[in-house]
1. Out of region 226-248, which residues are exposed (fewer than 14 other Cβ atoms within 10 Å of the Cβ) and modelled with pLDDT under 90?
2. Can you tell which of 195, 123 is closer than 25 Å to residue 294 by Cβ and without any contact (Cβ under 8 Å) to a residue 40 or more places away in the chain?
3. Out of all the residues in region 1-20, which are closer than 25 Å to residue 217 by Cα and hydrophobic (A, V, I, L, M, F, W, C)?
4. Given region 228-307, what helices (runs of 4 or more DSSP H) lie entirely inside it while holding 2 or more residues that are of a type in the set (Lys, Arg) and outside the structural domain of residue 204 (by the TED database)?
5. When residue 138 is evaluated against the numbered criteria (1) touching a residue at least 60 places away in the same chain (Cβ under 8 Å); (2) of a type in the set (Lys, Arg); (3) under 25 Å from residue 165 (Cα atoms), which criterion, by number, is the only one it fails?
6. Can you tell me which residue within region 21-38, out of those that are among the hydroxyl-bearing types (Ser, Thr, Tyr) and assigned to a strand (DSSP E or B), is farthest from residue 216 (Cα to Cα)?
7. Can you confirm whether region 66-78 contains a residue that is under 20 Å from residue 204 (Cβ atoms) and either in contact with a Leu (Cβ under 6 Å, 6 or more places away or on another chain) or not in a helix (DSSP H, G or I) (or both)?
8. Give me the pairs, please: first residue somewhere in region 257-272 and touching a residue at least 12 places away in the same chain (Cβ under 8 Å) and at positive phi, second residue anywhere and surrounded by 15 or more Cβ atoms within 10 Å (Cβ to Cβ) and aliphatic (A, V, I, L, M), beta-carbon distance under 8 Å, and either six or more positions apart or on two chains.
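The values are calculated or read from the model by the stated rules, or taken from the named source; none is laboratory data. Not measured: the values here are computed from a predicted model. All Cβ positions, even for glycine, are placed from backbone atoms using ideal geometry, and neighbour counts span all protein chains on display.
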Amino acid sequence: MDYVVQTNHLTKTYQGQDVVSDVSMNIKKGEIYGFLGSNGAGKSTIMKMLNNVIKPSHGEINIFGKPLRNNSFEYLKRIGSMIEYPIFYEKMTALDNLELHCAYMGYYNKQAIHEAMEWVGLENVEHKFPKDFSLGMRQRLCVARAVITKPDFLILDEPINGLDPAGIKLMRTLFKMLNKEYGMTLLISSHIIGEIEEIADTVSLIEKGKLIEEASMETLKVKNTEYIELMTSNSRKATVILHDKLNITNFKLLDNQIIRIYSTDVPQSIISKALIVDDVHIESMNKKRTTLEDYFIKKVGLDQKEN
């Protein structure tokens, strides 16, 4: 299998503190890799190391199958990135900023600049100045700068930050298009799980500098358990009926008196009938599925207990 990125025990230490600790991650060629974690979890630091902006304290990085070194400019030319707050020459127009970036990258294609501006919905502000842009517009311009050269690998740090719903939808469509039509491999970080869930092939979770889990979206969907959520007039009595009369043992009584029944092979009609016969009033009963957010919150909680 071809990998665009492989890290081995990647660690970054500042003033004696590990901000990234022993991270081994694998990004396959041609996939969208979702990088989840709360603000300050270490996502941006890892992205900077992948882009050779900062050096690891320990560990190794392989980019396109080769070790990342100080003289890896030819590999880095194949990477487009936006990391942390977008910075531009404020007294140059948006178009001039992008032309300057292309000159630096040795990529002379004016049509590609206009195309990138259209992709991000900024085709009507090419001659305006970034200093007059909103945060959302600056984010869009930064994405345009990252994708102009049609890189093999695209690193995007919180790309939907500051965008309105229409802008988020536009970016989601763009990322899928770049992946499908241009074969780009994308690494996208976010603290918004729902957005990553929409587009990613593989997802990893980082918390307090440690990689908690890395798995394909298909694997995670299997782990997202289906259950029946039940609320009654007498939750204690209801649990006794479930256990003694219906032989249901895989359930949990939550603190808010809601019962989660994980044995979904028992029809809701059977559960309902058994409760009504014993004078337990059903306030609500719905079939649900744990979300990726539920799963990761649980994973982070378990990991913190173990450590």
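1. If the condition is that a residue be exposed (fewer than 14 other Cβ atoms within 10 Å of the Cβ) and modelled with pLDDT under 90, then 226 is the only one that fits.
2. Values: 123 fails: closer than 25 Å to residue 294 by Cβ.
Of 195, 123, the one residue that is closer than 25 Å to residue 294 by Cβ and without any contact (Cβ under 8 Å) to a residue 40 or more places away in the chain is 195.
3. 1, 4, 5, 10, 20
4. Working: elements: 235-244, 268-277, 292-306.
Ranges flagged: 235-244, 292-306.
5. (1)
6. Start the filter on region 21-38 by keeping residues that are among the hydroxyl-bearing types (Ser, Thr, Tyr), which leaves 21, 24, 33, 38.
Restricting the remaining residues to those that are assigned to a strand (DSSP E or B) gives 21, 33.
Numbers: 21: 22, 33: 9 Å.
Among those that are among the hydroxyl-bearing types (Ser, Thr, Tyr) and assigned to a strand (DSSP E or B), it is 21.
7. There is at least one residue in region 66-78 that is under 20 Å from residue 204 (Cβ atoms) and either in contact with a Leu (Cβ under 6 Å, 6 or more places away or on another chain) or not in a helix (DSSP H, G or I) (or both).
8. So the pair list comes out as 257/231.
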